[in-house]
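Colleague: Got a structure for you, questions after.
The values are calculated or read from the model by the stated rules, or taken from the named source; none is laboratory data. Everything numeric in this text was worked out from a predicted model, so none of it was measured. Cβ: placed from backbone, ideal geometry, glycine included. Neighbour counts: every protein chain shown.
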């Protein structure tokens with residue numbers, strides 16, 4: 001009976017192995033549950049299909065040890081290239097080095113530059129954080145109390161936090177009266193619960209919520225909509241998440257998002273990889289995709 | 001037939017290896033990759049060996065993943081204070097043993113269900129770990145000598161594999177060849193009877209929980225050495241997989257009893273499946289489905305096997 005059940009499981013393996021025999025691009029991440037990471041992966045896969053590559057996506061759900069192991073696996077499988085999405089290659093430097101030593105090009109999307117990484121395509125996260133902070137502080141008239149939702153473990157998101165710190169130095173009348181390190185996966189629910197609690201404890205003091213990306217902003221909006229819909233609290237985030245844009249259009253408390261062009265990021269990465277596979281070295285080790293501020297005004301909406 | 005019943009899980013591991021080797025002879029089937037698998041399973045197996053000790057008692061320690069994360073963050077934070085390598089390792093291991101002792105004490109002294117006690121205490125450890133790290137991934141100031149504890153090779157064998165071999169031998173001897181080990185099995189078999197015949201039930205339970213956490217702490221140190229960084233939730237992936245390894249192992253040798261060789265087989269199955277499926281390009285979600293299905297199958301087989309006895 002044991003052999004029968006294992007045989008059944010392995011039959012599936014054999015079927016998928018056949019389909020996977022031509023795989024030559026390994027896409028690895030630890031954060032595929034993030035809407036934007038998933039979006040980049042989807043766009044990259046579409047571009048890869050156009051380019052005639054076969055991609056395999058591996059998600060280790062926040063587990064960097066597993067990610068290191070899976071990179072070792074694809075290096076052993078002599079994959080054509082490794083694409084790291086939303087991961088800082090420095091945190092798995094030995095494995096990146098091993099890939100580079102095996103002659104496998106490693107590129108990063110929304111990651112960071114590191115030894116062994118041929119190309120990183122990202123947004124200038126510090127600039128994103130500066131744009132978000134400047135927008136929010138402008139809306140507050142450079143005076144008021146904010147709540148900060150952050151996540152230092154992601155290298156790009158951490159840069160936004162550093163940009164906020166810089167902006168706060170220039171705006172001494174803006175005070176951070178509460179902050180919260182987001183739970184990932186599950187940032188929307190986490191932000192919703194945290195905001196509910198903060199509304200109870202400091203609801204009258206909060207003027208704005210600074211969200212390091214849009215998912216916490218959405219969670220905060222859900223809480224305010226349920227518990228304090230008439231409040232004047234302003235929320236802003238980063239990413240241009242479609243749900244956040246819809247909420248901006250609907251004149252919710254979310255008044256802005258600094259949009260990262262994830263499609264462009266994935267496209268630039270695919271273009272870069274095409275050149276790398278053709279033997280051409282990228283002109284620069286890091287490329288920036290453009291970013292823009294989305295507000296009700298930019299969407300042509302007039303809110304009361 | 002008896003062989004198949006007795007060693008079915010071990011044969012299944014061999015069968016999986018053979019099938020992967022046939023499907024991918026130039027990647028999976030290489031000696032280098034098989035050696036690599038032993039490295040990849042090492043940390044999971046060390047955590048799972050700790051879990052085995054507690055499972056022998058018929059208890060669970062759900063704080064193992066929190067202790068792994070704690071050990072990683074604590075080590076990098078302590079390096080930041082200027083402490084030397086031996087002091088950091090000693091402090092981290094002692095703190096891990098202490099954490100396990102507290103869990104064990106709660107379970108043994110106050111009869112708090114281990115599921116609840118360790119879940120709650122694990123949450124405390126997790127919060128403390130976040131507080132120490134401020135939520136960030138720590139990687140500054142790790143000395144090269146520390147990194148060497150979790151990477152590289154000695155005589156062609158990966159260093160983590162050597163750690164696993166050492167831990168496995170020590171704890172196999174402890175469980176199978178010492179009076180302490182036999183006492184643990186006796187307590188797990190019938191705690192009241194063990195108490196009535198005068199066995200130091202509480203003390204042994206505290207020691208077992210402490211050793212379990214100590215091994216999680218060791219795995220956390222080795223994980224940090226391997227990656228060169230520590231994440232406050234870095235151990236998160238070990239909890240379910242460690243118990244899956246123990247459960248798989250319970251079907252491997254002794255009918256329904258946790259054992260060190262069984263746990264090694266369980267950890268090997270999990271590592272081989274992950275490695276093989278990744279090499280074959282199977283999407284990670286399908287890997288989860290297959291890994292979960294195989295574990296479920298093994299547990300069901302144990303259940304039906306027992307019914308048939």
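Colleague: State yes or no: is residue A:43 at the interface with chain B (Cβ under 7 Å from one of its Cβ atoms) and at pLDDT 90 or above?
Modeller: no
Colleague: Right, next: Given the criteria within 12 Å of another protein chain (Cβ to nearest Cβ), surrounded by fewer than 20 Cβ atoms within 10 Å (Cβ to Cβ), part of a helix (DSSP H, G or I) and touching a residue at least 40 places away in the same chain (Cβ under 8 Å), does residue B:47 qualify? Steps first, please.
Modeller: Numbers: within 12 Å of another protein chain (Cβ to nearest Cβ): yes; surrounded by fewer than 20 Cβ atoms within 10 Å (Cβ to Cβ): no; part of a helix (DSSP H, G or I): yes; touching a residue at least 40 places away in the same chain (Cβ under 8 Å): yes.
Considered against the rule, which asks whether it is within 12 Å of another protein chain (Cβ to nearest Cβ), surrounded by fewer than 20 Cβ atoms within 10 Å (Cβ to Cβ), part of a helix (DSSP H, G or I) and touching a residue at least 40 places away in the same chain (Cβ under 8 Å), residue B:47 comes out as no.
Colleague: Exactly one condition in (1) buried (at least 24 other Cβ atoms within 10 Å of the Cβ); (2) touching a residue at least 12 places away in the same chain (Cβ under 8 Å); (3) at the interface with another protein chain (Cβ under 10 Å from one of its Cβ atoms) is not met by residue B:281; state its number.
Modeller: Tallying (1) buried (at least 24 other Cβ atoms within 10 Å of the Cβ); (2) touching a residue at least 12 places away in the same chain (Cβ under 8 Å); (3) at the interface with another protein chain (Cβ under 10 Å from one of its Cβ atoms), residue B:281 fails exactly one: (2).
Colleague: Report, by residue number, each residue of the range B:10-44 that is more than 20 Å from residue A:95 (Cβ to Cβ) and buried (at least 24 other Cβ atoms within 10 Å of the Cβ).
Modeller: B:12, B:20
Colleague: Mind listing whichever residues of the range B:251-273 are at pLDDT below 85 and within 21 Å of residue A:69 (Cα to Cα)?
Modeller: none
Colleague: A further question follows. What number of residues within the range A:52-108 are more than 18 Å from residue A:120 (Cβ to Cβ) and either more than 7 Å from chain B (Cβ to nearest Cβ) or not in a helix (DSSP H, G or I) (or both)?
Modeller: Going through the range A:52-108 one residue at a time, the tally reaches 21.
Colleague: Where residues in the range A:133-165 are away from chain B (no Cβ under 14 Å), assigned to a helix (DSSP H, G or I) and touching a helix residue (DSSP H, G or I) at 6+ places or on another chain (Cβ under 7 Å), which of them is farthest from residue A:91 (Cα to Cα)?
Modeller: The residue in question is A:137.
Colleague: A further question on this structure: What do you reckon, is residue B:227 at the interface with chain A (Cβ under 8 Å from one of its Cβ atoms) and touching a helix residue (DSSP H, G or I) at 6+ places or on another chain (Cβ under 7 Å)?
Modeller: Yes; evaluated as a whole, the condition is true for this residue.
Colleague: With B:17, B:37 as the choices, which residue is closer than 17 Å to residue B:274 by Cβ and more than 10 Å from chain A (Cβ to nearest Cβ)?
Modeller: Residue meeting the stated conditions: B:17.
Colleague: Please give the helices (runs of 4 or more DSSP H) falling wholly within the range B:95-209 in which 3 or more residues are within 23 Å of residue B:74 (Cβ to Cβ). Quick ask: steps written out before the conclusion?
Modeller: Numbers: elements: B:114-133, B:144-147, B:159-177, B:179-189, B:191-196.
Ranges flagged: B:114-133, B:144-147, B:159-177.
Colleague: Could I ask something else about it? Any idea which of (1) modelled with pLDDT of 95 or more; (2) surrounded by 22 or more Cβ atoms within 10 Å (Cβ to Cβ) is the one residue B:180 doesn't satisfy?
Modeller: Tallying (1) modelled with pLDDT of 95 or more; (2) surrounded by 22 or more Cβ atoms within 10 Å (Cβ to Cβ), residue B:180 fails exactly one: (2).
Colleague: Show me the strands (runs of 3 or more DSSP E) entirely contained within the range A:195-304 in which 2 or more residues are in the same structural domain as residue A:184 (by TED's automatic domain parsing) and crowded, with 24+ Cβ neighbours inside 10 Å.
Modeller: Strands (runs of 3 or more DSSP E) meeting the threshold: A:208-211, A:234-239, A:254-260.
Colleague: Sort out which residues of the range A:183-213 are within 14 Å of chain B (Cβ to nearest Cβ) and closer than 14 Å to residue A:235 by Cβ, and write them in order of number.
Modeller: The answer is A:187, A:194, A:212.
Colleague: Only one of (1) touching a residue at least 40 places away in the same chain (Cβ under 8 Å); (2) buried (at least 24 other Cβ atoms within 10 Å of the Cβ); (3) within 11 Å of chain B (Cβ to nearest Cβ) fails for residue A:111. Which number is that?
Modeller: With (1) touching a residue at least 40 places away in the same chain (Cβ under 8 Å); (2) buried (at least 24 other Cβ atoms within 10 Å of the Cβ); (3) within 11 Å of chain B (Cβ to nearest Cβ) applied to residue A:111, the lone miss is (3).
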